[in-house]
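Take a look at the structure below.
The values are calculated or read from the model by the stated rules, or taken from the named source; none is laboratory data. All figures in this text were calculated on a predicted structure; none of them were measured in a lab. Positions of Cβ are generated from backbone atoms using ideal geometry, with glycine treated the same way; all protein chains shown enter the neighbour counts. Just so you know, the surface numbers come from the protein's heavy atoms only, side chains and all, with ligands and any DNA or RNA stripped out. Shrake-Rupley method; radii C 1.70, N 1.55, O 1.52, S 1.80 Å.
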Amino acid sequence: MDVGLLIFSLSIGTTYAASYLRGLENRVDNGSGFISDVLTVSCPGKVLVCGGYLVLESANIGVTIATNTARFYVSVCSKSKPLPSIARACEVLLIEVLSLQFRSTYKFLYDWNSKEVDSETLSYINEENLSVENKNVFVQRCLALSLSFIRKHLGSENFIAKIRKSASKNTWLSLTLEANNDFYSQVVELKKRGLPLKSKSLAMLPEFLPCPVVNGAVSVQKTGLGSSAAMVTALVGALLKWFGVVALHDGDGTGMDGADILADRRLVHNLAQLVHANAQGKIGSGFDVAAAVYGTQMYRRFNGEHFTACLEDRVNPSALHAAVTSTSLWDVQVVPLSLPPHMDMVLGDVCGGSSSTSMAKAVLKWRKERPEEAAALWAELSAANTAIYGHLETLRALSQEDEVVYRAACLWMANTVSETWSLPHSGGLALQSVVVRMMALKSSFHTARSLMRSMGLSAGVDIEPAFQTAIADATEALPGVICAGVPGAGGSDALFALYIQSPDWEAVKEDAVRQHIENLWCDWAQHPAGRDSGVMVCPLKLAAQTGGLSGGIRSHSGRDS
């Protein structure tokens, strides 16, 4: 049988999916069929606060904020269960991928006596009248290319030895995909439960809820956190760790050398970038995968021309391995970024929806048709984005120079509207320098927003629709708010705000600035500017991941939330 990986898929019902809400940490060999400890890898979601569209070119930067609690988990264990008839006549590894949110499972059969795994050896089995809609190209390509890389990296003999060990006693390699609720819209669920559209309401929901079924089909409404990139990266990391290619750290890097952590992350990053590009059929900017691996950062993309061979349906294993492990081809620039103290982010799920792909095509078409106008606007926008990054770095430096003064400045700004920040006050020159820099940050964000709107008008797409402009403007008028706007490529489906978290919020047990933002968004239908708009905004639970090793990919002994 000249087949390396045979795939079949079937839908699973609500009851079956709901059974996984128990939590992976409870999965032991107590009759349930699980026979090994659970290995879990997770990656954060992302919010691109500046750099939309421009980040497609390596001359420009993007600033990406990783999410602290919104993470995508992939858990791996060995599982004992009956083999399908097709597997009984040969030595094989059975792989089962369970997707909670999509109410689906995908099953794969890998014949390790076949040629090295590549797309040439992949085919679907239509055992359950498998439809195109029930296939998951990201899972398929991730397994195929990851196994291809791992086999080449370990050598066929070691690779097969590891598989023989895993495949003994009729065991399956079981992978479970779970994402925190913030990755998918919960507005329908909140309405069904009669709960207001607030983050406190989201906190009351069970974790890892399946997406709702509408007219017999699973309805997937994403919130723009990069779920595909986070899933691919976590799945790549879990497979590499399971086969012993990487160790990955547990969040704080305990017991690992810094160089080893970076080497592991570099390997996961490079393979995940190529897997994600192959599944999409194109090499994008890559900032979403980079954020899943490294966390909050300043990002400058790599030269995708080096890796076009990895987009083919039939990827040569040697070429894939050489591309992933190359030390010269990856000219990507990732600079870890820690947000200044007392700065946080809130993200809103806006009921609307847009296609960033079609919007990107329109913008690129405009650039091609009106190159001089586009070049001038992009130059201004690139300068504003670079200034934003510079201001964030300077504010962090100011907080380290005099923590007391910086804290006093944040306390004052958190309780006043930004229009008054320029007015004289008795804080002294040191405090004034913090305020001035925060005002410069706000100004640069305002400039970037204005230029993005202009680009949308020129390209004929709603990068910042009028209703989003109204919400963002009202948000920026609140005390303590630095900026608000549409993340990434823009559109109708999300809204973010950066704000100053009052330094005394833990003592008073209330993040007043965030609460004011949430109240505005939740009650937007009653706001004078939002009345009769029909727009609903649900603030998500997540906040900014400020920096450090725990912000990117990490491993867990089970699965935490």
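The figures follow:
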{"item": "Accessible area of the range 289-335 divided out per residue, in Å², using a probe of 1.4 angstrom", "result": "43"}
{"item": "The range 496-546, accessible surface, carbon-and-sulfur percent (1.4 angstrom probe)", "result": "49"}
{"item": "Percent of Cα-Cα distances greater than 25 Å, calculated over the range 137-293", "result": "44"}
{"item": "Relative contact order, percent, the range 444-535 [alpha-carbon distance under 8 Å, six or more residues apart]", "result": "22"}
{"item": "Most positive-pole-ward Cα, GLN333, LEU395, GLN468, against dipole of the range 333-479 from beta carbon charges", "result": "GLN333"}
{"item": "Which listed pairs, of LYS509/LYS541; LYS192/LYS509; LYS135/LYS222; LYS135/LYS541; LYS107/LYS162, have C-alpha distances above 28 Å, in listed order", "result": "LYS192/LYS509; LYS135/LYS541"}
{"item": "Rounded, prolate or oblate (a/c below 1.5 giving rounded, otherwise prolate when a/b exceeds b/c) for the range 476-531 by Cα gyration tensor", "result": "oblate"}
{"item": "SER557/THR308 FRET efficiency (R0 35 Å; Cβ-Cβ; nearest 0.05)", "result": "0.35"}
{"item": "Residue-normalised accessible area of the range 396-509, given per residue in Å² at a 1.4 Å probe", "result": "43"}
{"item": "Percent carbon-and-sulfur accessible area, the range 393-471, ignoring ligands, DNA and RNA, probe 1.4 Å", "result": "57"}
